[in-house]
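Report on one structure; see the data block that follows.
Every number here is computed from the coordinates shown, using simple stated rules; none is lab data. Everything numeric here is computed off the predicted structure, so don't read it as measured data. A quick note on method: Cβ atoms are made from the backbone with ideal geometry, for glycine too, and the neighbour counts reach across all protein chains shown.
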Amino acid sequence: MRRDFGLFAVEDVARTIIQPFQRFFRREAIGGLLLVLASIAGLWLANSEFEEFYHRFLHTTISISIGRFTLSKDLLHWINEGLMVFFFFLVGLEIKREFLVGELSRWRHAVLPVFAALGGMVVPAILYMAFNLGGPGENGWGVPMATDIAFALACLSLLSGRVPIGLVVFLTALAIVDDIGGILVIALFYTESISTTALLAGGGMVVLSFVLNRAGIRHTYPYAIIGVFLWLFFLKAGIHATVAGFLLALTIPASTTIGHTEFVKRIKEQLTYLTGEKEGMNYCPVELEEERKQSIIQSLERTCFEAEAPLDHLEHNLHPWVGYFIIPLFAFANAGIKVDMTGFLSAVHSEVFWGILAGLVVGKQAGIVGFSFLAVRLGLGALPEGVTWKTLYGAACLGGIGFTISLFISTLAFADDAILQVAKLAIFTASLISMALGMVVLLLFTEKK
């Protein structure tokens, strides 16, 4: 293992730190592009001759029965309340990792995105309420608070040769803090009547998962079983079941059983046996007895298992399913709104439309830039390297892309389908304006590198 601090050692360290972030950035960017395509597909079907088929498909009833227990919901609810649990579980894993080893683990680096995210939630909510206080859409104040990380990073990926890495990290950290705020809003304000018994049972599942973590249980199957019961209890309790995914993620072990030095030592020993180089032996692995070869391979598997944190393992394996399937499917199922000139003109006369538009387009910009400026002036934070106030403003504009979580919260906030359709139209409109404005600003104030 290299111990010097020469040029190559420094490059190895930098590569170790940067490559995981680069992989995350690429995955989110690709997921964002799939999200766009799925949204367009849902929007097209809802406005084509296949409209009836599209809505009938989404309202197909699917039931699960075990003895006397029966859970019956239509496909749209299974997507929003079932599959989206995996999205919030992955968000929880990413948040935990960020607080342990990422940008949010260092106070000096975390202050700016935390302040920016706070401003990006508070100001949009206030602007929304300015339009809707006391009206039928009053309950939708949480809709313009969210930032869609996949869409935002997809936009930045199109400018990857111009945008400084510090701006990408800032926007990612901001969106992660924003996700925490969104989850808290869903848990505290968008729940039905709470069943105390079911809530206590769900709390017991969280405690049990934490106990397994402390007891050193590293296999993911016990946590998966607990997660199923936690989801069911929260569903019964009246708290939106997706919160169960986030809480379970916080209990997943984030440490390895063996350290890097021990891992390298074991791998070298096992490879020595496998290649036949120990004690002067020199023969090909295929010449090993099958039983001995299998024993060495299994030992290698155990060593790799002990060297990888369950949190990293789950995040790595879940991300493709969530980013490339679940989120696009959610967008496809929820983007189906009827768009015509009559409907648009009707929506424009709605306070809900203007509240969401003002919150996402104006509120996000004002909140992110204003609170960031406050943090810097108070000496609590500093702009990342290579980031100027102009480029930060561009990122603030992209923060107004609220798509996924905004759509999700709107389905919880509005029971009236007419208001929900207006809200979805406003989210689309605001997200498109924010995306276009952010791209133009960043193109104007960055240079090709």
(request) Grab the Cα-Cα distance for Val348 and His77, subtract it from 0.36 nm times how many residues apart they are, and report the gain in nm with one decimal. (result) 94.7 nm
(request) Can you find, among Val177, Leu93, Phe50, the residue farthest towards the positive end of the dipole of the chain? Put +1 on the C-beta of Lys and Arg, -1 on that of Asp and Glu. (result) Val177
(message) Tell me the label only: which of (i) -0.59, -1.17; (ii) -0.76, -1.16; (iii) -0.66, -1.22 is log10 I(q)/I(0) by the Debye sum over Cα atoms at q = 0.09, 0.13 Å⁻¹ as calculated from this structure?
(response) (iii)
(message) With angles folded into 0 to 90 degrees, how steeply does helix 417-445 sit against the dominant principal axis of the chain? Use alpha carbons for both and round to 10.
(response) 60 degrees
(request) In nm, give the distance between the simple-model label positions of Val228 and Ala130, each being 7 Å from the Cα along the Cα-to-Cβ direction. (result) 5.0 nm
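Using only DSSP helix segments of four residues or longer, with each worth -39500 (n - 2.57), what per-residue ellipticity at 222 nm results for the chain after dividing by its residue count and rounding to 500? Can you show the working numbers first?
On the way: 20 runs with 307 residues, N = 449.
That comes out to -22500 deg cm²/dmol.
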(message) If R₀ is 51 angstrom, what is the calculated FRET efficiency for the pair Arg56 and Lys265, using the beta carbon separation as r and rounding to 0.05?
(response) 0.25
(request) Mind checking which of Leu378, Trp231, Leu407 is farthest towards the positive end of the chain's charge dipole, using Cβ charges of +1 (Lys, Arg) and -1 (Asp, Glu) about the Cα centre? (result) Leu378
(request) Please sort 209-222, 390-403 by packing, taking for each peptide the average over its residues of neighbouring beta carbons within 10 angstrom, highest first. (result) 390-403, 209-222
(request) Choose one answer from Phe88, Phe373, Phe246: the residue with the largest mean-square fluctuation in a GNM of the chain with alpha-carbon springs under 10 Å. (result) Phe373
(request) Using the Cα centre as the reference, give the magnitude of the dipole from point charges on the C-beta atoms of the chain (Lys, Arg: +1; Asp, Glu: -1; all else neutral), rounded to the nearest 20 debye. (result) 800 debye
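If you take the beta carbon distance between Lys338 and Phe373 as r and set R0 to 51 Å, what does 1/(1 + (r/R0)^6) give as a FRET efficiency, to the nearest 0.05? Kindly include the intermediate steps, with their values, before the conclusion.
Values: r = 41 Å, r/R0 = 0.81.
Given R0 = 51 Å and the Cβ-Cβ separation, E is 0.80.
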(message) Taking 35 Å as R0, compute the FRET efficiency from the Cβ-Cβ separation of Arg162 and Leu432 and round it to 0.05.
(response) 0.95
(message) Just to confirm the number: angle between the C-alpha axis of helix 290-307 and the first principal axis of the chain, 0 to 90 degrees, nearest 10?
(response) 50 degrees
(request) Count the lysine pairs in the chain whose Cα atoms sit under 20 Å apart, keeping only pairs 8 or more residues apart in sequence or on different chains. (result) 11
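Just add up the charged neighbours of Phe371: K/R +1, D/E -1, any other residue whose Cβ is under 14 Å from the Cβ of Phe371.
Values: positive: Lys364, Arg377; negative: Asp178.
Local net charge: +1.
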(request) Enter the angle in degrees (range 0 to 90, nearest 10) between the Cα long axis of helix 310-321 and the first principal axis of the Cα atoms of the chain, meaning the one along which they spread out most. (result) 50 degrees
